[in-house]
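I have placed the structure first, in the form of structure tokens, so that the comments after it can refer back to it.
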Amino acid sequence: MSKKIIIDPGHYKNCPNKGRNGYNEGNGVFKISTYLKQELDRHGFVTILTRQDTTQEVSLTTRGKMAAGADLFISEHSNANDGTCRGVEVFYSIDLPDDKILAGNLSKSISSLMGNINRGAKIRESTVEKGEDYYTVIDTAQDVGCKNVVLVENGFHDNLIDEAFLLKDNNLKLIAKIQAKVICDFFGVAYVEQAYTQLSRDIDILASAGIIDSPEYWKRGSEYKIEYVQALIHKVAGFI
Ligand SMILES: [Zn+2]
């Protein structure tokens, strides 16, 4: 049974949360969310984004409630403070303490990629209602029975160094990729590189055309010089 993952871009397009050199949190986290969806989809997860790419706000409770029956809810953000802070932190629910491991692994991996500080796994308690989560989206997702709930702060967009990283589209792809690796690992799914997925597909094309037999042998990448064979296979597949 496929695991169901709800990916929450934390803000709407062109929202007011901005860096000093042109980064916008709404646009950045929507890209991370979309790239994460692509990564998870190709690993067999069922994924849903909580919002489309519009300039309209979707309420925190509406987005949190979409997590009903899901295995994971992940809310994507970038942080802001006074411009001096750098680093990654990941919040989890007070009511789901086992998520500390997943949150910690995400924080460690993303901060290592960004070359900033690992601020780690955190919980934040509501100041109004004791024992409840501060973040409405975490609280709601947990309340509707989602099994695992995290909110990721992918660096500080008001810090010039973190913002410079977040301004590069390819870096947002790398953030999504590292998150997908951690999530695959959490659910016991082997992470497969995108290039290898394409190779696998082309090997199947060659096998069904009768050009090679035993496709499983060809898919065992460690047994040959993968770059050369890959180039050959793509070329041959292109003629079919
Ligand atoms: Zn945010």
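Quick look at the numbers
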item: Region 4-186: relative contact order as a whole-number percent, Cα under 8 Å and 6+ apart; result: 30
item: 0 to 90° range, to nearest 10: angle between helix 226-239 axis and the chain longest Cα axis; result: 70
item: Pairwise label distance in nanometres, Met1 with Glu57, each label 7 Å out on the Cα-Cβ vector; result: 3.7
item: Packing-based ranking, highest mean first, of 141-150, 50-59 given that Cβ atoms within 10 Å are counted; result: 141-150, 50-59
item: Listed peptides 232-239, 110-117 by packing density, highest first (mean Cβ within 10 Å); result: 110-117, 232-239
item: Residue order, fewest to most surrounding Cβ atoms within 10 angstrom, among His77, His43, His11; result: His43, His11, His77
item: Residue of Ile101, Ile212, Ile175 that the Gaussian network model of the chain assigns the largest fluctuation, springs spanning Cα pairs under 10 Å; result: Ile212
item: Dipole magnitude (debye, nearest 20) for region 39-91, charges at Cβ of Lys, Arg, Asp, Glu; result: 120
item: Degrees, to the nearest 10: 100-114 long Cα axis against longest axis of the chain; result: 70
item: Computed magnitude of the charge dipole of the chain (debye, nearest 20; Cβ of K, R +1, Cβ of D, E -1); result: 460
item: Helix-derived mean residue ellipticity, 222 nm - over the chain, DSSP H n ≥ 4, -39500 (n - 2.57), to 500; result: -13500 deg cm²/dmol
item: Angle between the chain longest axis and helix 194-208 axis [Cα atoms, degrees, rounded to 10]; result: 30
item: Val192 paired with Lys130, simple spin-label distance in nm, labels 7 Å along Cα-to-beta-carbon; result: 5.2
item: Which of Ser107, His157, Ala231, positive extreme of dipole for the chain (C-beta unit charges); result: Ala231
item: Choice from Glu132, Glu216, Glu163 with maximal GNM fluctuation in the chain (Cα, 10 Å cutoff); result: Glu216
item: Within a Gaussian network of the chain (alpha carbon springs, distance under 10 Å), most fluctuating of Ser208, Ser107, Ser126; result: Ser208
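No value in this document is a laboratory result; all are computed from the given coordinates. Just so you know, these numbers come straight off a predicted model, no measurement behind them. Virtual Cβ from ideal backbone geometry, glycine too; neighbours counted across all protein chains shown.
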